[in-house]
1. Describe numerically, in nm with one decimal, the distance between label points set 7 Å from Cα along Cα→Cβ at residue 349 and at residue 277.
2. Work out how far the C-alpha atoms of segment 274-342 reach from end to end along every principal axis, then list the three figures in whole Å, largest first.
3. Report the Cα-based extents of segment 19-107 along its three principal axes, largest first, to the nearest Å.
4. List the residues, sorted by chain then number, that are 5 or more residues from residue 353 or on another chain and whose placed amide H is less than 5 Å from its amide H.
5. Is segment 92-135 best put as rounded, prolate or oblate by its Cα gyration tensor, with a ≥ b ≥ c the root eigenvalues, rounded for a/c under 1.5, and otherwise prolate when a/b is larger than b/c, oblate when not?
6. Where the Cα atoms of segment 125-167 are projected onto their three principal axes, how long is each span, largest first, in whole Å?
7. Rounded to the nearest 0.05, what FRET efficiency do residue 53 and residue 30 give with R0 = 35 Å and r taken as the Cβ-Cβ distance? Could you check?
8. Starting from the amide H of residue 312, placed 1.01 Å from N in the peptide plane, find each other amide H under 5 Å away whose residue is 5 or more places distant or on another chain.
Amino acid sequence: MATMMQPQIILLKEGTDTSQGKPQLVSNINACMAVADVVRTTLGPRGMDKLIHDDKGTTISNDGATIMKLLDIIHPAAKILVEIAKSQDSEVGDGTTTVVLLAAEFLKEAKPFIEDGVHPQNLIRSYRTAGQLAIAKVKELAVSIEGKSLEEKKSLLAKCAATTLSSKLIGGEKDFFATMVVDAVLAIGNDDRLNMIGIKKVPGGTMRDSFLVDGVAFKKTFSYAGFEQQPKKFLNPKILLLNIELELKSEKENAEIRLSDPSQYQSIVDAEWNIIYDKLDKCVKSGAKIILSRLAIGDLATQYFADRDIFCAGRVTEEDLNRVAAATGGTVQTTVNNVIDEVLGSCEVFEEKQPLLFFVVEQIRDAGKHFLSVFLLRKFKR
């Protein structure tokens, strides 16, 4: 009997709150309401920006997800609001502040019932019932766009898009950008691959200088001598996508070559040049007129391709290279050996527009289907 009466040993950090039951529930609700009060004033088109200073620097934002990530919240219950904001941002991409405030308001309304002794399970059951009623009401109020003309669909979608842009930095031009967003989403058809819609930022100009590119576009990369001699427009070209360097590679710091005869040095130099020329020759023999690589394409290769009326661009970002591969039907190669037609992409028009500093692959067709990747750019003014 004596052993059963021994006190429990609880190992907790000094200063830890050990409250249980109703006081702990009320404490959790108060912590969540405190977090919600931080982002409450950022909601809506007249919402204010928050300035947050931490070890990484100073951030000014009115985006709920950004603010919630930067807040150093320790309270376990309040951290749930941060997870709610992250989930909303990853799944929907908008409404992060709203979902935090709604959660806090639900907790606020539940607080008096908790204090009166109502069991939390009863409150949760009531919230679930209310959620079902809300979903039914939304479905009742929903307006179906099935059977409507394309212009009616675009008009309704543009209104929805304009509503979400009201509180953003481009709120003053929301009608202009709403139409552009709708055109971009409709361009990819029924495919649920929104990653095929990209945004390219070019400094300069006004917001209304932004425009939609009906195709795949990527910004001009670093260019070597000979780049200006390459053709700037192709019709129905073959496209070779690479993930290798096309330049003379420098040796490691500790590389050492010992020669017994000085004449052997020239053979080593010639071997290096033969390797790079062999790679370039195989690229030309593949029949591709456009060569894009994620890694560098040096000045030697640039001039080599220019002399043969071939366009090349190195250091293309992996995201853009994958987008071009998906749109043109090509496959990214890690070697230039045995390049066959099946791994080459194709498009109707490939064009460089120098004043805008970007390349365009327009009107791509993949297996008879109009496959588009749409980009939003800002015009570059010299």
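1. 3.9
2. Sorted largest first, the three principal extents are 32, 23, 21 Å.
3. Result for segment 19-107: principal-axis Cα extents of 39, 29, 24 Å.
4. 358, 360
5. Since a/c reaches 1.5 but b/c is at least a/b, the shape of segment 92-135 is classed as oblate.
6. 43, 31, 9
7. 0.85
8. 291
The values are calculated or read from the model by the stated rules, or taken from the named source; none is laboratory data. Owing to the predicted nature of the structure, the values given are computational and were not obtained by experimental measurement. Methodologically, a virtual Cβ is constructed for each residue, glycine included, from the backbone with ideal geometry; neighbour enumeration extends over all protein chains shown. To get the accessible areas, we keep the full protein, side chains included, count just its heavy atoms, and leave off ligands, DNA and RNA. Shrake-Rupley method; radii C 1.70, N 1.55, O 1.52, S 1.80 Å.
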